[in-house]
Amino acid sequence: MRRLLLIYALVIVVAGPAAADDKHKGHAGTVAEKAYGLPGKAADVTRTIEVGMSDTMRYSPSEISVKRGETIRFVFRNTGKVEHEFVLGTAKELKAHADAMRKNPKMEHGLEANAVDVDAGKQGELVWRFTKAGTFTYGCLVPGHFEAGMVGKLVVN
Ligand SMILES: [Cu+2]
């Protein structure tokens, strides 16, 4: 537990003050708006995008583009034999998180609003509202997967 906290602290230090701030607000119900938006409401969904996850460590598609203001329902289908994740964030955030996971593969990383775990052969869902234009990243933070190339690009126009 103590080790987990240390790693967690490390992630916050690496990711900088903005991420530390997000951590505090993350589970309070009032989720802070991030650079890549915030959780969306099912009633506001404008489009569904299907994303495949496989054991080849690739997403399909590996590039997604949306318009600012859209609320997207992502439907994930894991066709593999191992668990995969979809974590949305900035390239810097994901890299820092993946590095921490690699250093301590047993780290229990609590899933935040911008992340979904999908068991082998199962489906998952995430409703997200994109409020700001920019180029973001999605990746799988199961240890080793991000490094193996399980990463995609999300552009908000
Ligand atoms: Cu994966």
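Tabulated data
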| quantity | calculated |
| --- | --- |
| Square roots of five times the Cα gyration tensor eigenvalues for the stretch 81-157, Å | 20, 15, 11 |
| Rough spin-label spacing in nm, given labels placed 7 Å along Cα→Cβ, for LYS106 and LYS132 | 3.8 nm |
| Label point distance in nm, THR48-SER65, each placed 7 Å from Cα along Cα→Cβ | 2.4 nm |
| Theoretical FRET efficiency, 1/(1+(r/R0)^6), r = Cβ-Cβ of LYS153 and GLN123, R0 22 Å, to 0.05 | 0.45 |
| Neighbourhood net charge (12 Å Cβ-Cβ; Lys/Arg +1, Asp/Glu -1) for ASP119 | 0 |
| Partners for LYS103 among lysines (Cα-Cα distance below 19 Å; same-chain residues under 8 apart left out) | LYS92, LYS95 |
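Only the coordinates and a few stated rules stand behind these numbers; no lab work does. All figures in this text were calculated on a predicted structure; none of them were measured in a lab. Here the Cβ is made from the backbone with ideal geometry for all residues, glycine too, and neighbour counts use every protein chain on show.
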